[in-house]
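The values are calculated or read from the model by the stated rules, or taken from the named source; none is laboratory data. In this text the structure is predicted, and so the values were computed from the model without any measurement. Note that we place each Cβ from the backbone using ideal geometry, even for glycine, and neighbour counts take in every protein chain shown.
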Amino acid sequence: MRILVQPTPDVVASLAASLLVARVRHQPDLVLGLATGMTMVPVYRELVLQQQLAAVSFARVRLFALDEYRGALPADLGSCRGFLDRHVLRPLAVGPAHIQMLDGRASDPDAECARYEDAIRAAGGIDVQLLGIGGNGHIGFNEPGSPFDSRTRVARLSEQTRQANAAQWGGSPVAVPADALTLGIGTILEARTCLLLAFGFGKAAAVAAAVDGPRTAEVPASALQMHGDVVCLLDEAAASQLAR
């Protein structure tokens, strides 16, 4: 696990975008796993800017969303699809054939999750998976207690997670859906490279537990210790409790 600490979130975002643009230049048909959430906003802003400046085409890049709220409509402000439309898909002019999303409205969510696993396998697997980390150590919507071998599935969101995401749903945790469809930890660990990003003192304890603590299902992100190619991109505040 490589730890790269930068002074500010903006510098972290710029570095993350640079790494992604370089990967796309080297591998134009890259399979990229996209996360959502406020951590990713400056990353995607920088990605769009650097892609334009470097004149690197994303026309062949294939994108997979990490998760989606159950029951969410694409037009919902807080939906993962809506987030990605605003911050990635429209700015990068990604065609519909190049983006895979979990359907939070699927009448059979288990079948939808199985379909998604099949789609990832058909694409040859995810090359680079972007990840944020929750204050309780979750990755994707894999809350504490999630098995390390879990696959794409329906997950119940913790109250802490619903509170943290309330701003995207009009400010009320009650408005945040109680369940989500998410890549499982086992699915995430099959990505060839994982980029974990975190900003701020509020993430420092979770980052330290994930990086320096024991591997435990109570800290889902600690599963990344078992992966052979993880890069943690942190600002100084998020890295402030690391032992190294």
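Look at region 217-235: where a residue is within 14 Å of Val128 (Cβ to Cβ) and a partner is part of a loop (DSSP other than H, G, I, E, B), sitting 6+ places away or on another chain with Cβ atoms under 6 Å, you get Val230/Met1.
Count of region 170-188 residues, restricted to those that are in a helix (DSSP H, G or I) and within 12 Å of Gly33 (Cβ to Cβ), is 2. Which pairs have Cβ atoms under 9 Å, sit 6 or more apart or on different chains, and link a residue in region 143-160 that is aromatic (Phe, Trp, Tyr) to one that is part of a loop (DSSP other than H, G, I, E, B) and at pLDDT below 95? Pairs that qualify, where the first residue is aromatic (Phe, Trp, Tyr) and the partner is part of a loop (DSSP other than H, G, I, E, B) and at pLDDT below 95: there are none.
Can you tell me how many residues within region 123-143 are assigned to a loop (DSSP other than H, G, I, E, B) and of a type in the set (A, V, I, L, M)?
So the count comes out to 3.
Only residues that are farther than 18 Å from Gly140 by Cα and either surrounded by fewer than 20 Cβ atoms within 10 Å (Cβ to Cβ) or out of contact with any helix residue (DSSP H, G or I) (no Cβ under 7 Å at 6 or more places or on another chain) (or both) were counted across region 22-50, and they come to 13. When Ala175, Ala164 are checked against the criterion of being on the phi < 0 side of the Ramachandran plot, surrounded by 16 or more Cβ atoms within 10 Å (Cβ to Cβ) and small (Gly, Ala, Ser), a single residue qualifies: Ala164. For region 121-138, a residue qualifies if it is surrounded by fewer than 21 Cβ atoms within 10 Å (Cβ to Cβ) and touching a strand residue (DSSP E or B) at 6+ places or on another chain (Cβ under 8 Å), and the qualifying residues are Ala123, Gly124, Gly125, Asp127. Val94 fulfils the conditions (1) closer than 24 Å to Pro28 by Cα; (2) modelled with pLDDT of 95 or more; (3) buried (at least 17 other Cβ atoms within 10 Å of the Cβ); (4) not acidic (Asp, Glu) except for a single criterion, (2).
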